[in-house]
Each structure stands twice: as C-alpha cells, then as structure tokens.
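Below: the structure, in structure tokens.
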Amino acid sequence: MVLFIQHIDIEGPGTIADFLDDNTLPYTIIDLSQGDKVPKWEKDFQSVICLGGPMNVYEEEKYRFLKEEDLLLKRIVDEEVPFLGICLGAQLIAKAAGARVTKNPEKEIGWYKIVLNDYGLKDDLFKDLPEVFKVFQWHGDTFGVPYGGKRLAFSELCQNQAFKYGRNAYGIQFHVEVTKDMITRWADAYAKELDALKGIVSDKQKMLGDYVALEKGYMRQAEQFYVNYFTVAGLLKKRFFSFTHEGKGSK
C-alpha cells in the first residue's frame with residue numbers, strides 16, 4: 001500500500017495516482033487540511049509519498065498536524081520505508097532527518113531547468129533521465145541536505161533540488177506530478193502571491209503556455225521517474241508497465 005500525505009486539497013498526487021491506477025498498485029490518500037488524522041505507523045506502508053502545500057515546516061503552531069507528521073516521518077526515516085517527498089514534503093523529510101529548512105534567496109515559480117550532479121546521474125531515481133531537464137516549480141523555502149545524505153540535483157536559483165537519505169528516502173523540490181488543471185488551480189488559489197511577484201516569476205498564462213509546449217516530454221519524464229521510484233521502492237517488479245495520463249489524479 002502506498003500512502004499519500006496531502007496538505008491541501010488542490011495539491012494532490014496528480015499523475016502519480018494515474019501511474020498507480022494504470023499499474024493496479026493500491027494507494028490511499030489522507031488530506032490533513034480536511035481533518036484527516038496523521039496515521040499511526042503501519043507495517044503495511046510499502047511507500048509513503050508526502051505532497052506539497054502552502055505552509056512552511058516551521059509553522060507548527062498554525063498547522064498543528066505538522067508536529068504529528070514530523071513524528072511519523074522520523075519513524076519512517078528510522079524504519080527506512082521507501083519515501084518520496086515533493087516540495088513541502090521534501091522539506092518535511094529533510095527536517096525530520098535533522099536538516100534546516102530556510103527561505104530560498106529567490107522564489108521559483110514556473111518552469112526551470114535543473115541539473116543532476118554526479119550523485120544524481122548515478123542514482124537509480126534518475127535512471128535514463130537527462131543530465132539537464134525542465135521541471136515545474138512553486139516554492140519559496142529550501143531544504144538543507146541532512147547529515148549523511150547526498151545532494152542529487154541543483155538549479156541556478158536553488159542549490160538543493162533533490163537529495164537522498166539512507167537507503168531509499170528521497171526529497172525533490174520540484175513538482176513531477178503536475179497536470180494542467182493543477183497549475184490552473186494553484187495560479188487561481190495563490191493569485192495574490194503571483195501578483196506580488198509580477199515580472200519576477202511566471203504569470204498564469206505563461207505557465208500554462210509552457211505546460212502545453214512541454215507536456216509530451218514532461219509526461220515521458222514523469223513516467224520514467226515513476227518507474228524508477230517504484231522500482232527502487234520494490235513495488236514495480238514487472239518488466240512491462242503502463243502509464244496513460246488522463247488527469248485522473250489531479251483532484
């Protein structure tokens with residue numbers, strides 16, 4: 001069973017859920033913003049995927065579920081459960097592993113290139129992906145790499161884009177799971193943030209236009225990334241797999 005931890009209704013599993021559906025891999029989603037409780041540790045969790053959200057890891061007084069989530073992620077680190085943290089999720093697992101999360105010098109919102117370093121090029125998570133490729137970003141904070149972990153990727157504006165900790169815990173700052181609908185909903189929900197950064201980051205129309213231009217290649221990248229991650233996690237053992245992106249998981 002794959003457990004998704006969701007922090008706000010508009011930042012769901014996106015194309016990851018599409019991939020799991022197509023390959024008949026079971027999953028469950030808890031949405032902490034809707035009152036779902038942080039689950040107790042279960043041996044049945046074959047993988048945990050922690051999604052994004054507008055809150056910061058250090059806002060535990062405002063978002064009380066972050067304290068309980070931190071305890072769960074510490075347990076996940078100790079138990080070496082296959083883990084993928086995306087954006088906020090990456091910052092949360094970095095914090096649980098002892099690293100600091102701070103403001104990035106600049107916000108990254110829109111489409112940006114990231115670069116795999118030597119560790120990233122050799123890591124199974126990025127197998128058969130190019131050294132440099134475009135990803136979708138929406139973040140203002142950045143994670144430190146936990147002691148004993150390895151940085152896997154960087155960008156011009158944010159030095160820590162991906163890291164590995166332990167045997168199979170990963171954090172990525174970018175959003176591999178996005179769909180066009182998700183970008184639209186985020187741009188509408190966070191319109192004030194975009195307006196405040198006018199001329200500095202991409203606006204809604206630019207982000208959506210770029211998505212249309214990049215969609216085919218981005219879906220291929222996502223497919224390869226999911227094959228890689230779920231193979232590392234031990235959930236995908238067949239030689240052949242399926243992935244038909246229909247936006248099913250974008251809600």
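What to note about this one:
- Each residue in the range 213-222 was checked for being more than 18 Å from the chain's Cα centre (by Cα) and open to solvent by less than 40 Å² (accessible area, probe 1.4 Å), and 1 pass.
- Residue list for the range 165-188, restricted to those being surrounded by fewer than 21 Cβ atoms within 10 Å (Cβ to Cβ), among the acidic types (Asp, Glu) and touching a residue at least 24 places away in the same chain (Cβ under 8 Å): Asp181
- Scanning the range 61-94 for residues that are among the acidic types (Asp, Glu), open to solvent by 10 Å² or more (accessible area, probe 1.4 Å) and within 20 Å of Phe163 (Cβ to Cβ) turns up Asp70, Asp78, Glu79, Glu80.
- Residue check: Ala162 meets all listed conditions (1) within 26 Å of Phe83 (Cβ to Cβ); (2) free of Cβ contacts under 8 Å to residues at least 12 places away in the same chain but one, namely (2).
- Boolean, Asp141 is assigned to a helix (DSSP H, G or I) and either in contact with a helix residue (DSSP H, G or I) (Cβ under 9 Å, 6 or more places away or on another chain) or modelled with pLDDT of 95 or more (or both): no
- In this entry, Leu235 passes the filter for residues that are surrounded by fewer than 19 Cβ atoms within 10 Å (Cβ to Cβ) and either of a type outside the set (Phe, Trp, Tyr) or touching a strand residue (DSSP E or B) at 6+ places or on another chain (Cβ under 9 Å) (or both).
- Of all residues making up the range 192-212, the number that are surrounded by fewer than 12 Cβ atoms within 10 Å (Cβ to Cβ), part of a helix (DSSP H, G or I) and not charged (D, E, K, R): 3
- Those residues of the range 215-251 which are of a type in the set (S, T, N, Q) and at pLDDT 65 or above, in sequence order: Gln221, Gln224, Asn228, Thr231, Thr244
- Scope the range 84-94; condition in a strand (DSSP E or B) and among the hydrophobic types (A, V, I, L, M, F, W, C); matching residues: Leu84, Ile86
- Breaking point among (1) at positive phi; (2) of a type outside the set (Lys, Arg); (3) in contact (Cβ under 8 Å) with a residue 40 or more places away in the chain, for Gly35: (3)
- Count of the range 95-131 residues which are open to solvent by 10 Å² or more (accessible area, probe 1.4 Å) and not in a strand (DSSP E or B): 18
- Total residues in the range 54-86 satisfying the condition of being touching a residue at least 60 places away in the same chain (Cβ under 8 Å) and of a type outside the set (A, V, I, L, M): the figure is 7.
- Checked against (1) touching a helix residue (DSSP H, G or I) at 6+ places or on another chain (Cβ under 6 Å); (2) aliphatic (A, V, I, L, M); (3) farther than 23 Å from Gly166 by Cβ, Val115 passes all but a single condition, namely (1).
- A residue that is modelled with pLDDT of 95 or more, surrounded by fewer than 18 Cβ atoms within 10 Å (Cβ to Cβ) and hydroxyl-bearing (Ser, Thr, Tyr) occurs nowhere in the range 34-57.
The values are calculated or read from the model by the stated rules, or taken from the named source; none is laboratory data. Keep in mind that what you see is a predicted model, and the values were worked out from it rather than measured. FYI the Cβ positions are ideal-geometry reconstructions off the backbone, even for glycines, and counts take in every protein chain you see. Keep in mind that these areas ignore ligands, DNA and RNA; they rest on the heavy atoms of the full protein, side chains included. Shrake-Rupley method; radii C 1.70, N 1.55, O 1.52, S 1.80 Å.
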